[in-house]
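Notes to accompany the following structure.
What follows is calculated from the coordinates using simple rules that are stated; it is not laboratory data. Keep in mind that this is a model prediction, so the values were computed, not measured. Neighbour counts are summed over all protein chains in view; Cβ atoms, including those assigned to glycine, are modelled from backbone coordinates with ideal geometry.
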Amino acid sequence: MEQVSAQRNTSVDDEPPLTQMGVDYRLSTPSATRFGASESSLFRKQFFPSTNLTQWNDWHWQLFHRITTTEQLLRFLEPTEEERAALQRSDWQFPFSVTPYYLSLMHLKDPNDPLRKTVIPHIAESIVSAGEAIDPLAEDHTSPVPGIVHRYPDRALFLATSFCSVYCRYCTRSRLVGGHTEALEEYWEHALSYLEAHTEIRDVIISGGDPLTLSDERLSLLLARFKRMKHIQMLRIGTKVPFVLPQRITPALVKVLKSYRPLYINIHAIHPNELSPASRQACNRLADAGIVLGSQTVLLKGVNDSVSVMTELFHQLLTVRVKPYYLFQCDPIVGSSHFRTSIAKGKEIMDGLRGHTSGLAIPYYVVDTPGGGGKVPILPEYEMAHDRTGYCLRNYEGRTFVYPDYPEES
Ligand SMILES: *Cc1c(COP(=O)(O)O)cnc(C)c1O
């Protein structure tokens, strides 16, 4: 374990200083081992020589060929000792799964590849640290019926499935996802009845699991049902499909999604390496259909915890009409310490964005509070001082300015 943390620290310390913004080692192409975005056909030809492009681009093919066992994984890469140890654990709680497409975005020979770190099990997951919990957001306590999380007065989460095509190791709902799909789906009726009965709910977030892994038929059914609930003003879908299984965003699916308006889709995006021609096409198809796209990003140590990576990610998202919405402090789920940065790191990143780039590229940085208190925004310190005459404010260059401000007369 000592060794594990030492290794991780090194990778973080190796990070280039902020003065080198834009020249980040994580974005470079070190060798021919990277198949990467535009090279997924090279990957296909090497590992699936008898598969043609049409098959590769079929989301069912991608799902059927998911890599879920150590044996399968060994065909593609040499696991590190820490990965091997994790893969060999017999008491796995949380399944491992990655689509061939997502694997094709990685530098297969680089154990520090940012995407690899987020999906391949690592033995550090078995370290339980102070403050960690299986359900840190106490979602199970704000769940009136299975499949519903109702924490805020006017909006609720509907967990439509427990299945994902790729399982993120830092998942806040790892206690629920993977292998329990049937169990969740049989609760649909109960959950939908709850949403029908609670007319104070005007905004429903369809989440999971990944709802876009459901069939067109089931999604169509679901959207039709919501259309009949007159108190529901808008729907949101939380998904990572455009970035892990972009083949799923077919014209037929887009047609189904277009049947409900207004529909917002928040895409889970963590790194600029996820922006490939295929994922860009998926985003563009959704945006062309009038769906409003946002992103949700989790701040992850050694993956995206630098100003340069975040800036590049948010810039890339805007090019495909995805507005960065939330940057989440990583939830303290059990075994997540190797992923979690300090909140100071998050503030530093936010400080490196505001003023330095388009305001549209800047998400809200939030901590989803343990215990179920909901999301709380965190900002770097911009208010240096204030008294009865004004506020002293710091700008992005570190210079201070005074805004005249007096107490309001009552
Ligand atoms: C995040 C979340 C929401 C939505 O929050 P917004 O700030 O409106 O995006 C709703 N319910 C739960 C339980 C959540 O975790």
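Tabulated data for the structure shown
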item	result
Rounded to the nearest 20 debye, dipole of the stretch 139-235 from Cβ charges on Lys, Arg, Asp, Glu	280
Antiparallel bridges, percent of DSSP beta bridges restricted to the stretch 1-378 (to nearest 5)	25
The stretch 327-361 residues near the modelled Asp110 label - backbone nitrogen below 17 Å, point 7 Å along Cα→Cβ	none
GNM flexibility winner over the chain from Glu139, Glu81, Glu383 (Cα, springs under 10 Å)	Glu383
Residue of Thr80, Thr161, Thr99 that the Gaussian network model of the chain assigns the largest fluctuation, springs spanning Cα pairs under 10 Å	Thr80
Calculated FRET efficiency for the pair His141/Thr70, C-beta based, R₀ 45 Å, to 0.05	0.80
Length gained when the stretch Glu348-Met234 is fully extended (0.36 nm per residue, less Cα-Cα span)	37.6 nm
q = 0.14, 0.29 Å⁻¹: log10 I(q)/I(0) that the Debye formula gives for the stretch 81-146, counting C-alpha atoms only	-0.60, -1.26
The stretch 316-362, Cα convex hull volume normalised per residue, Å³	90
Most to least packed among 210-220, 251-261 [average Cβ atoms within 10 Å]	210-220, 251-261
Length added when fully stretched, Val292-His356, from 0.36 nm per residue minus Cα-Cα	20.5 nm
Additional length obtainable on full extension of the chain from Thr319 to Arg218, 0.36 nm per residue less Cα span	33.3 nm
Principal axis box of the stretch 1-378, alpha-carbon based, largest edge first, Å	55, 49, 47
Calculated [θ] (222 nm, deg cm²/dmol) that DSSP helices of n ≥ 4 give over the chain, each run adding -39,500 (n - 2.57)	-8500 deg cm²/dmol
